[in-house]
Amino acid sequence: QVQLVESGGGLVQAGGSLRLSCAASGSINTMGWFRQALGKERELVATISSTGNTHYRETVKGRFTISRDNAKNTPYLQMNSLKPEDTAMYYCAACSRPLCPLGFDYWGQGTQVTVSS
């Protein structure tokens with residue numbers, strides 16, 4: 001069964017950087033990062049397919065970069081120029097089929113990112 005474990009969160013000042021990683025095991029295809037701020041719904045941050053195609057939500061374009069180590073099935077999220085509005089619990093997610101036709105099936109426990117002003 002697929003297991004995902006995030007790491008790399010922390011407390012940083014605005015303008016700082018963090019790199020999130022997700023240790024993954026099992027058969028997976030597309031992977032992604034989501035986040036959920038206090039009192040708000042979970043939202044997509046970025047996705048990366050098994051072939052390297054990426055997608056970002058508009059508010060993080062140019063600041064965040066999703067990458068993937070295919071040898072280890074490990075997705076990363078490099079976050080630069082962090083803003084207070086990026087504060088959220090960040091979740092690694094994955095699905096076992098191309099293009100995630102049934103959504104993301106597997107989720108990590110989350111890692112907290114807090115950006116102070």
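The table below lists the values:
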{"read-out": "Heavy-atom accessible area ranking, 1.4 Å probe, most first, across E41, E6, E58", "value": "E41, E58, E6"}
{"read-out": "Phi to ³J(HN,Hα) by Karplus 6.51 cos²θ - 1.76 cosθ + 1.60 over region 47-56, Hz, x for Gly, Pro", "value": "9, 9, 7, 5, 9, x, 6, 10, 9, 10"}
{"read-out": "Computed over region 33-97: relative contact order in percent, which uses C-alpha pairs under 8 Å that are six or more apart", "value": "34"}
{"read-out": "Percent of Cα-Cα distances greater than 15 Å, calculated over region 1-82", "value": "59"}
{"read-out": "Mean shadow area of region 55-94, taken as a quarter of the surface of its Cα convex hull (nm²)", "value": "3.3"}
{"read-out": "Mean-position separation - Cα centroids, region 23-57 and region 76-98, in angstrom", "value": "7"}
{"read-out": "Residue-normalised accessible area of the chain, given per residue in Å² at a 1.4 Å probe", "value": "53"}
{"read-out": "Share of carbon and sulfur in the accessible heavy-atom surface of the chain [1.4 Å probe, %]", "value": "48"}
{"read-out": "Relative contact order of the chain, pairs being alpha-carbon contacts under 8 Å that are 6 or more residues apart, as %", "value": "36"}
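The values are calculated or read from the model by the stated rules, or taken from the named source; none is laboratory data. In this text the structure is predicted, and so the values were computed from the model without any measurement. To get the accessible areas, we keep the full protein, side chains included, count just its heavy atoms, and leave off ligands, DNA and RNA. Shrake-Rupley method; radii C 1.70, N 1.55, O 1.52, S 1.80 Å.
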